[in-house]
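Accompanying notes for the structure given below.
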Amino acid sequence: GESVGLHLPTLSVQEGDNSIINCAYSNSASDYFIWYKQESGKGPQFIIDIRSNMDKRQGQRVTVLLNKTVKHLSLQIAATQPGDSAVYFCAERGNAGNMLTFGGGTRLMVKP
Amino acid sequence: GAVVSQHPSWVICKSGTSVKIECRSLDFQATTMFWYRQFPKQSLMLMATSNEGSKATYEQGVEKDKFLINHASLTLSTLTVTSAHPEDSSFYICSASQLSSGNTIYFGEGSWLTVV
């Protein structure tokens with residue numbers, strides 16, 4: 001499910017390393033999942049999506065993995081760069097239109 | 001590509017006044033738009049679903065008389081915060097989906113509301 005709290009979990013990585021951000025979702029009927037990147041003071045920016053009939057999808061430097069058995073989603077960022085520093089949210093879409101439910105978010109900090 | 005625009009980006013208003021935030025789909029039509037609210041260091045929480053030509057659908061706990069939503073055209077939805085109070089200060093974000101691109105969901109840049 002989603003956790004909403006005052007302190008976002010933080011992942012700190014060295015520039016050039018790979019990053020893995022995890023997310024647990026709650027609705028087994030969700031058919032579409034999206035990862036968003038949100039920089040301070042800005043709206044969410046689409047990164048990559050995956051449909052429930054897939055378990056892996058790759059983009060440019062990013063890979064999303066979906067494990068429907070345990071309702072787990074992960075975002076892998078290869079060769080993490082300082083510009084990747086942001087808060088990352090996973091979102092799931094149920095079977096009621098395009099309404100998205102967001103996870104709690106993870107703050108990624110990239111050390112130069 | 002498709003763009004969703006919000007206006008204003010920043011607004012400060014006095015307690016008790018009302019403020020309107022606009023959400024526009026710039027180059028596509030959106031029969032449905034969504035309004036989210038985000039408090040500092042928290043995730044986005046869905047407030048309501050805005051339906052063109054009909055009443056909005058509000059999430060549990062969101063006062064429909066306080067957060068008025070109007071979706072008068074296929075490219076514009078407005079959120080009006082009535083009788084604003086300091087606790088309404090937040091980041092308000094809208095989203096819209098483009099059916100022609102496989103229901104890709106686009107977000108606006110958000111609107112910061114500060115009630116003093």
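One table, with the values for the structure above:
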read-out: The protein assembly as shown - convex hull of alpha carbons, volume per residue in Å³; value: 123 Å³
read-out: Interface residues, the stretch B:36-52 - accessible area loss of 50 Å² or more versus chain alone, probe 1.4 Å; value: B:Lys41, B:Gln42, B:Ser43, B:Leu44
read-out: Solvent-accessible area lost in complex, 50 Å² minimum, residues of the stretch A:35-72 relative to chain alone, 1.4 Å; value: A:Gly41, A:Pro44
read-out: Zero-based 5 Å bins, Cα pair distances in the stretch B:38-105, whole percents; value: 3, 14, 23, 26, 18, 10, 4, 1
read-out: Accessible area that becomes buried as B packs against A, both chains, 1.4 Å probe, Å², nearest 100; value: 1800 Å²
read-out: With every protein chain in place, chain B: carbon and sulfur % of accessible area (1.4 Å); value: 53 percent
read-out: Electrostatic dipole magnitude of chain A [Cβ: Lys, Arg +1; Asp, Glu -1; Cα centre; debye, to 20]; value: 100 debye
read-out: Karplus (6.51, -1.76, 1.60) ³J(HN,Hα), θ = phi - 60°, over the stretch A:23-30, in Hz, Gly and Pro reported as x; value: 8, 9, 10, 10, 9, 5, 8, 4
read-out: Eligible lysines near A:Lys71 by straight Cα distance, threshold 22 Å, same-chain separation 8 or greater; value: A:Lys37, A:Lys56
read-out: Cβ-derived FRET efficiency at R0 22 Å, B:Ile12 paired with A:Glu39, nearest 0.05; value: 0.50
read-out: Radius ratio Rg over Rh of chain A, counting only Cα atoms, Kirkwood formula for Rh; value: 0.95
read-out: Under-21-angstrom lysine pairs by C-alpha in chain B, whenever the two are 8 or more apart or on separate chains; value: 7
read-out: Relative contact order of chain A, defined on C-alpha pairs under 8 angstrom at six or more residues apart (%); value: 38 percent
read-out: Dipole moment magnitude, nearest 20 debye, the protein assembly as shown about Cα centre, only Lys, Arg, Asp, Glu C-beta charged; value: 140 debye
read-out: Rh (Kirkwood; distinct C-alpha pairs) - chain B, Å; value: 14.1 Å
read-out: Kirkwood Rh, angstrom, the stretch B:1-54 [1 / mean 1/r, Cα pairs]; value: 13.3 Å
read-out: Unit charges on C-beta of K, R, D, E only; dipole of chain B, Debye; value: 120 debye
read-out: Accessible area per residue, Å², chain A with all protein chains present, probe 1.4 Å; value: 50 Å²
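The values are calculated or read from the model by the stated rules, or taken from the named source; none is laboratory data. Note that the structure is a prediction, hence the values are computed from the model and not measured. No Cβ is skipped: glycine too gets one built from the backbone with ideal geometry, and neighbour counts run over all protein chains shown. Remember, those area values only see protein heavy atoms, side chains included, never the ligands or the DNA or RNA. Shrake-Rupley method; radii C 1.70, N 1.55, O 1.52, S 1.80 Å.
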